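The values are calculated or read from the model by the stated rules, or taken from the named source; none is laboratory data. Because the structure is predicted, anything quoted here is derived from the model rather than measured. Backbone-built Cβ (ideal geometry, glycine too); neighbour counts: all protein chains shown. For accessibility, only protein heavy atoms count, side chains too; no ligands or nucleic acids. Shrake-Rupley method; radii C 1.70, N 1.55, O 1.52, S 1.80 Å.
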Amino acid sequence: MNFVDKDLLSVQEARILMERAAQAKEALAAFPQEKLDRIAAAMLEAARERLSQLARLSAEETGYGNWRDKYIKDRFVCEALETRLAGRRFVGVLEEDPGAGIARIGVPLGVIVALTPAFGPVAAVISATVLAVKSGNAIVFSPHPRAERTTRTAVEILAQAAFAAGLPEGAMACPDTAAREGAAQMISHPAASLVLATGAPEMLEEARRSGKPVIFGGTGPSPVFIERSADVKQAAEDILCSRSFDCGTAAASEQYVVVDAAVAEQAEREMNRLGAHFMSGEEEEMLTRLLCGVSGHINPEYMGKTAIWLAKRAGFGVPEGTRVLVSRQKYVSDHNPYAEAMNCPVMVFYIEPDWTMACEKCMELLANGSRCHTLAIHSRDEAVIGQFAAKKPVGRILVNTPAVFGAMGATTNLFPAVHLGAASAGLGITADNVSPMNLVYLRSVALGVRRAPVETGK
């Protein structure tokens, strides 16, 4: 089959799946919350039984990250969603105040188009399907070409359990042919109610042009600030743990470390102790040539690899146990290859004289490619934390916690999610950790309690 045939086939299949989903959403609209809960529970049980297999398949097919870390994240998603969603209602009457004569009813949006990522496709599929079903929506996936087999396998496992538990046919689907043209067809299809594009930045413009509501978020890159009052040892542990997790591919991972000059020497020493390798100028040039080649842009083939693998491939040696490679820099520039999201264990280290200058540096970094996703800060000074929280245009600010795990709700009380919205201005409709409440709209019902403030006719 040639390339053109694949494109046409993907478009045709996308239309069929969307039309089936449109029919299925009508049946779903009549399902009470209790039935939706039983279907979601069946899916989570089926997923748990196959997590190891799916994690291994994901790492093997994509070449990104390592299966053990993926398994940890996938297991967290299953366990946390089960716990957090237990007993919660998302459709039907959600709020009622008889005294005021007011009620709020949760109404499913309809058909969700989910663009799955190459980084962490299993967690994304599990999360999206459970959120969609719990909120009474049909969902159609468009897999990333690099994770096509993994995405399809995960959807098949969940769908088999869901259909056996009563989900209408067509309410969950994934095409056999993955292509950009098919994804575009799903997004623009009249049946599409919302586009969940938290793992497909390359499709953002397509989603915007469709006129459909879009929940958008990428993987960062996130700045983290170590302020002089911080527990520097703990901050270094948190940052190294987070940045090295799944070889730097997880959402919200700290790519930029901004350090208060008063603790910079200690921070570097602690990071070195924990497996950070601060590169020489020559080593940095060698790594840049590897990652960017002649194009000046990050080569995706080198993402999701270990720090030791990257250093060896670039041509320099690092100590055994190296977990991240660190570049010392002073300025933020659009032309710096490190300005792009680097989904690998590589970091940039900035030193600023005080928290006010660090605040400005973080603002520069947030405006220079992070898509206003996440910011982390390590500090015990409530006033400084308050200033950062008030000023930073981000979806979430994480305090004294590893950014990857804090953002997904593992070490914080944020909603447990792998779909992390970016700051909404111009990017999407929400900056939330996406939950079923983002996939419904609230219908207000109001009882008349007083006469109209105008004269009525005789």
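Go through 385, 124, 160 and say which Cα lies farthest out towards the positive end of the charge dipole of the chain; charges sit on Cβ, +1 for Lys and Arg, -1 for Asp and Glu.
Among 385, 124, 160, the one farthest towards the positive end of the dipole of the chain is 160.
Where the centroid of each part is defined by its Cα atoms, how far is region 199-273 from region 102-116 in Å?
31
R0 = 22 Å: FRET efficiency of residue 454 with residue 97, Cβ-based, nearest 0.05? Intermediate results must be reported in sequence, preceding the final value.
Details: r = 26 Å, r/R0 = 1.19.
Step by step, r from the Cβ atoms, then E = 0.25.
Calculate the dipole size of region 274-361 relative to its Cα centre from +1 charges on Lys and Arg beta carbons and -1 charges on Asp and Glu beta carbons; express the result in debye to the nearest 20.
That gives a dipole near 280 debye.
Enumerate by residue number the GluC sites (Glu not before Pro) in region 272-380 meeting two conditions: DSSP loop (anything except H, G, I, E, B), and at most 14 other Cβ atoms within 10 Å of the site's Cβ. Write down the numbers at each step before the final one.
Working: sites: 282, 283, 284, 285, 301, 320, 340, 360, 364; in loops: 320, 340.
Sparse-neighbourhood loop GluC sites (Glu not before Pro): 320.
Once you order the gyration tensor axes a ≥ b ≥ c over the Cα atoms, which shape class does region 1-120 get: rounded for a/c under 1.5, otherwise prolate or oblate by comparing a/b with b/c?
Working: a/c = 2.84, a/b = 1.37, b/c = 2.07.
Oblate is the answer for region 1-120, as a/c is 1.5 or above yet b/c matches or exceeds a/b.
Using the Cα centre of region 106-257 as the reference point, and only Cβ charges (+1 on K/R, -1 on D/E), how large is the resulting charge dipole? Debye, rounded to the nearest 20.
Numbers: 11 positive and 14 negative charges, 43 e Å.
About 200 debye.
Once the dipole of region 1-119 is set up with Lys and Arg at +1 and Asp and Glu at -1 on Cβ about the Cα centre, which of 59, 10, 33 lies farthest towards its positive end?
59
Per-residue counts of other Cβ atoms within 10 Å, averaged by peptide: what ranking do you get for 109-116, 381-388, 303-310, highest first?
Working: 109-116: 26.5, 381-388: 15.1, 303-310: 21.1.
With the highest mean Cβ count within 10 Å placed first, the list reads 109-116, 303-310, 381-388.
Provide the per residue accessible area, probe 1.4 Å, for the chain, rounded to a whole number of square angstrom.
Accessible surface, normalised per residue, equals 42 Å².
Measure nothing fancy, just the Cα-based angle from helix 67-85's long axis to the longest principal axis of the chain, in degrees from 0 to 90, nearest 10.
40
For the Cα atoms of the chain, what angle does the longest principal axis make with the long axis of helix 382-391, in degrees from 0 to 90, nearest 10?
60
Show that you can apply the helix-only estimate: for the chain, add -39,500 (n - 2.57) for every DSSP H stretch of four or more residues, divide by all residues, and state [θ] at 222 nm to the nearest 500.
Dividing the helical sum by the residues of the chain leaves -13000 deg cm²/dmol.
Taking the Cα centre of each part, how many Å lie between region 340-395 and region 285-304?
Answer, in whole Å: 24.
At q = 0.16 Å⁻¹, what is the log10 ratio I(q)/I(0) for region 209-271, with the Debye formula run over Cα points and no solvent?
Log10 of I(q)/I(0), two decimals: -0.57.
What whole-number distance in Å separates the alpha-carbon centres of region 126-151 and region 14-46?
Rounded to whole Å, the Cα centres lie 12 Å apart.
Placing unit charges on C-beta atoms (Lys and Arg positive, Asp and Glu negative, everything else neutral), compute the dipole magnitude of the chain about its Cα centre in debye, rounded to 20. Can you show the working numbers first?
Numbers: 47 positive and 52 negative charges, 207 e Å.
Taking the Cα centre of the chain as origin, the dipole is about 1000 debye.
Could you work out what % of the accessible surface of the chain is carbon and sulfur, using a 1.4 angstrom probe and leaving DNA, RNA and ligands out of the count? Walk me through the numbers on the way to the answer.
Details: 9980 of 19410 Å².
Carbon and sulfur atoms account for 51 percent of the accessible area of the chain.
Between 0 and 90 degrees, rounded to the nearest ten: what's the tilt of helix 51-62 against the longest Cα principal axis of the chain?
Value to nearest ten degrees: 60.
Given contacts defined as C-alpha pairs under 8 Å and at least six residues apart, what's the relative contact order of the chain, whole-number percent? Walk me through the intermediate numbers first.
Working: 987 pairs, mean separation 86.8, N = 458.
Across the chain, relative contact order equals 19 percent.
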